[in-house]
């Protein structure tokens, strides 16, 4: 059954809380000042007339305890003038019982809504219901559910397509799109004031609402519909202007669904600056027609709905901006460095606070290493997200210089101080080397990482905590620890382990226990799947544990076996390229990759030749066998090589061109001691 907005959370004075329809009923005992308008004005009822009974010819939908000959000049009074309870009609107990049960009303009609208090109460309840909506669909649905069936039997809501946002000036023609239709269902419980279709068939006009096919309506400049919308105030559809506008709004033949007489109201929906749509309220032919006062009700409903829609559109735009800001400041995909597998999760504190200062990152480094970063800027605002983005970019730049972890945190601290004295953040920066199976970690006031060993033992790593970024004048200390193959390192922000229900160290201990218990499920020789492990960690959060954003970065250390690594030092002399070719050929033969010998020898010769030409110290050559074959050549010259097109008369300049053509990938990275030029080849050939 369609919900009626006239039912309240607690019983109102003058309303029967047991009424199944939730409709407002008259109080059983009237206050002394609850008199009809005519009586208050000093008028005397006509002889023989009964103030408790509608006069012949009057409609029970809006019957009033007045003289039948009195013209309808009644208007809603200000709230301050309204009585505390709705005035009652003096009458027999049977009449009151009929009004409570609905048995005295014609079938198919809701309980009548009186002129003064009932209308104001209805408008108050309806606008409160509309105001509860946050997004566009909730507000439009609130309008429909609030008006059907209390105010109208059906409603059609049209909105501008696309809806302008704020002060944005719309472009192109004014196009209205049918966003929602609502009407009384075909079957109603008789206790709710309705009977089944077998006893009371639904009028054909409202039954055909579903057949309205004009989903889009282009409002012609200077047309009848444009004039009605420009007028702002609701109008009855039997007026000449509205009757001319209906075909344009509903489509060809759509005006036939509108009942004759004052049984339809067309109300423009005007936002803060412009018309954003229209609402069409419809009543069945057998129901009492709308009155002039109902135009005021429709105007209130339209105004509150339009302002709510404006609010929802602005909120939607802000939410979109927040989502895009957070998405662009976090890595879309994690890299796939050699010797380590990565997984991540990010959860905002709440749906209404989509941005925050938590971030994570994984940055490939020279020598097949990878930097793992997680940080947390204080606050949950656009400012926090913007500062987070600047610190994350700074960390990526510093990582590209191959600085030690403690130096990276030192420069981040300086950057945070330049951004402002109150820009505080915590950060943990770690560098994993898959060749040496070691990890170097520096901490700036961040929760310590947890290492899950292959056998199922989980330990909280002892890392010097350090001061948060932004304090200034603090030295950071790095520690180097073992990172055995098969182990999993978990980096996280404090939102995972701290809440109103527990302190941070209690949460860290619970995290350690949860990791150990999860590892026991897969056995001592098989680590749990990385993605499933991240989900399992988040499942430890209870209903009251989401007070802060959560960033989670998990790294599974596979490492590179010593038998898959070949490493040499080459003196910077003319014989170095030839020696490099011979060493590479032997390593490939030992690994069973002879089919790559020609390509590797050619590329190694070109890269080593460029290195020894300018180097003053020994050149390093390293081959790594993983899912691909990777070659790295390092020297002490910081200038990075550039790919250029050699002229026909040039004797050199074609080495990098060959590398670019033959290698799967290649690149050059500046180090604190020089640079490294690397390339990769597929092992299949």
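The values are calculated or read from the model by the stated rules, or taken from the named source; none is laboratory data. Since the model is a prediction, treat every value here as computed from it, not as a measurement. Please note: Cβ atoms are built from the backbone with ideal geometry, for glycine as well, and neighbour counts cover all protein chains shown.
In the list 267, 260, which residue meets the criterion of being in contact (Cβ under 8 Å) with a residue 24 or more places away in the chain, surrounded by fewer than 16 Cβ atoms within 10 Å (Cβ to Cβ) and not in a helix (DSSP H, G or I)?
Numbers: 267 fails: surrounded by fewer than 16 Cβ atoms within 10 Å (Cβ to Cβ).
Within the list 267, 260, the selection yields 260.
How many residues, within region 412-426, are assigned to a helix (DSSP H, G or I) and touching a helix residue (DSSP H, G or I) at 6+ places or on another chain (Cβ under 8 Å)?
Applying the first criterion (assigned to a helix (DSSP H, G or I)) to region 412-426 yields 412-419.
Of the ones still in play, those that are also touching a helix residue (DSSP H, G or I) at 6+ places or on another chain (Cβ under 8 Å) are 412, 415-416, 419.
Result for region 412-426: 4.
For residue 361, indicate whether it is closer than 30 Å to residue 564 by Cβ, in contact with a helix residue (DSSP H, G or I) (Cβ under 7 Å, 6 or more places away or on another chain) and either assigned to a helix (DSSP H, G or I) or in contact (Cβ under 8 Å) with a residue 12 or more places away in the chain (or both). Give the steps one after another, and end with the answer.
Numbers: closer than 30 Å to residue 564 by Cβ: yes; in contact with a helix residue (DSSP H, G or I) (Cβ under 7 Å, 6 or more places away or on another chain): yes; either assigned to a helix (DSSP H, G or I) or in contact (Cβ under 8 Å) with a residue 12 or more places away in the chain (or both): yes.
When the stated conditions are applied, residue 361 passes them.
Based on this model, can you work out whether residue 466 counts as assigned to a loop (DSSP other than H, G, I, E, B), touching a helix residue (DSSP H, G or I) at 6+ places or on another chain (Cβ under 9 Å) and surrounded by fewer than 19 Cβ atoms within 10 Å (Cβ to Cβ)? Break it down into steps so the answer makes sense when it comes.
Working: assigned to a loop (DSSP other than H, G, I, E, B): yes; touching a helix residue (DSSP H, G or I) at 6+ places or on another chain (Cβ under 9 Å): yes; surrounded by fewer than 19 Cβ atoms within 10 Å (Cβ to Cβ): no.
No.
What is the one condition in (1) without any contact (Cβ under 8 Å) to a residue 60 or more places away in the chain; (2) crowded, with 22+ Cβ neighbours inside 10 Å that residue 418 does not satisfy?
Single failed check for residue 418: (2).
Within region 108-117, is even one residue at pLDDT 70 or above and closer than 19 Å to residue 297 by Cβ? Explain how you work it out, then say what you get.
The initial filter retains those residues of region 108-117 that are at pLDDT 70 or above, namely 117.
Right, trim to closer than 19 Å to residue 297 by Cβ and you get 117.
Yes.
Quick one: what pairs do we get from region 657-685, first residue at positive phi, second loosely packed, with under 15 Cβ neighbours inside 10 Å, C-beta under 8 Å, 6+ apart or different chains?
These pairs meet every condition: 674/638; 685/595.
Quick one: which helices (runs of 4 or more DSSP H) sit completely within region 525-623 and have at least 2 residues that are touching a residue at least 40 places away in the same chain (Cβ under 8 Å) and under 30 Å from residue 362 (Cα atoms)? Lay out the reasoning, then the answer.
Details: elements: 530-538, 576-591, 597-614.
Fully inside region 525-623 and qualifying: 530-538, 597-614.
Go over the candidates 340, 288, 297 one by one and state the one that is in contact (Cβ under 8 Å) with a residue 24 or more places away in the chain and in contact with a strand residue (DSSP E or B) (Cβ under 6 Å, 6 or more places away or on another chain).
Numbers: 288 fails: in contact with a strand residue (DSSP E or B) (Cβ under 6 Å, 6 or more places away or on another chain); 297 fails: in contact with a strand residue (DSSP E or B) (Cβ under 6 Å, 6 or more places away or on another chain).
Answer to the selection: 340.
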